[in-house]
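Single-structure report; data block below.
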Amino acid sequence: MYLPAQHKLPREFYARDTVAVARDLLGKYLVRVVDGIERIGRIVEAEAYLGPHDLAAHSSKGRTRRTEVMFGPPGHAYVYLIYGMHHCTNVVTGREGSGSAVLLRALEPVQNVAGRTSGCGLLSKAMGIDRSLTGHDLLSDDFFLAYPPADEAFEVIVSRRVGVDYAREWADKPLRFYVAGSPFVSRP
DNA sequence: TGCACGATGAAC
DNA sequence: TTCATCGTGCAC
């Protein structure tokens, strides 16, 4: 029997090159326990945000109260409020101090997930994730990522990131990854 | 202390 | 294409 808590992604998974982590997060499970119910979604879309030099990354503003967690140890959550109403979920990556993270943009519902999960705001809402979870350890028991029961093969599409036109040349970098053909990708 | 602006989603 | 809605970062 498959229990996601017995297959958590280890700290070392996050403490790697951010682009590799973003790519490798596809197909992995995002698990969130709310009121004792384990909600599970399969990651089908993610974007890499490389650090202070990446003009699209929040860490490009430097260390501030909001971005401090991005500069912290890998394997923790960075959750922020966007447009005053939606929450977006990231996982901190790379070496501590690198200011890098991966934004989760879409999930395929697997278990106990109600509502749509295509888009970072929607998936955060469906999984019960908000700003109070920023800084949360992703090796905890109520909010973590895990290897799926079986590693199925899928094709990965790479593209520019969504909604970062303000980031000049960084807007065109191939830092968005998604599962080819998945109907749950936010913007095919 | 004030203000412009989002790593969005929904309505029109 | 327009708008809701508020925390954040930076100008004054």
ask   = Considering the range A:78-100 alone, what residues qualify as being in contact with a Pro (Cβ under 9 Å, 6 or more places away or on another chain) and within 16 Å of DNA strand C (Cβ to nearest atom)?
value = A:Val92, A:Gly99, A:Ser100
ask   = Which of the residues that make up the range A:108-125 are under 14 Å from the mean Cα position of the chain (by Cα) and under 16 Å from A:Val33 (Cα atoms)?
value = A:Leu123, A:Ser124, A:Lys125
message = Can you list residue pairs whose Cβ atoms sit under 8 Å apart, with the first residue in the range A:147-162 being over 9 Å from A:Gly27 (Cβ atoms) and the second being surrounded by 16 or more Cβ atoms within 10 Å (Cβ to Cβ) and of a type in the set (S, T, N, Q)? Count only pairs 6 or more apart in sequence or on different chains.
response = A:Val162/A:Ser186
query = Do any strands (runs of 3 or more DSSP E) entirely within the range A:2-116 hold 2 or more residues that are in contact with a Lys or Arg (Cβ under 9 Å, 6 or more places away or on another chain) and more than 10 Å from DNA strand B (Cβ to nearest atom), and if so, which?
reply = A:29-34, A:37-49, A:100-111
ask   = From the list A:Gly99, A:Gly135, which residue is surrounded by 21 or more Cβ atoms within 10 Å (Cβ to Cβ) and small (Gly, Ala, Ser)?
value = A:Gly99
query = A:Thr64 versus (1) within 16 Å of DNA strand C (Cβ to nearest atom); (2) among the polar types (S, T, N, Q); (3) in contact (Cβ under 8 Å) with a residue 40 or more places away in the chain: which is the lone unmet condition?
reply = (3)
query = If you check A:Val31, A:Val19, which single one turns out to be among the β-branched types (Val, Ile, Thr) and in contact with a helix residue (DSSP H, G or I) (Cβ under 6 Å, 6 or more places away or on another chain)?
reply = A:Val31
inquiry  = Tell me yes or no: at least one residue of the range A:31-54 is of a type in the set (Lys, Arg), more than 16 Å from DNA strand C (Cβ to nearest atom) and more than 19 Å from A:Glu152 (Cα to Cα).
reply    = yes
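All of the numbers you see were taken from the coordinates with simple rules; none came from a lab. As the structure is a prediction and not an experimental result, all values here were calculated from the model. Every residue, glycine among them, receives a Cβ derived from its backbone with ideal geometry; neighbour counts consider all protein chains shown.
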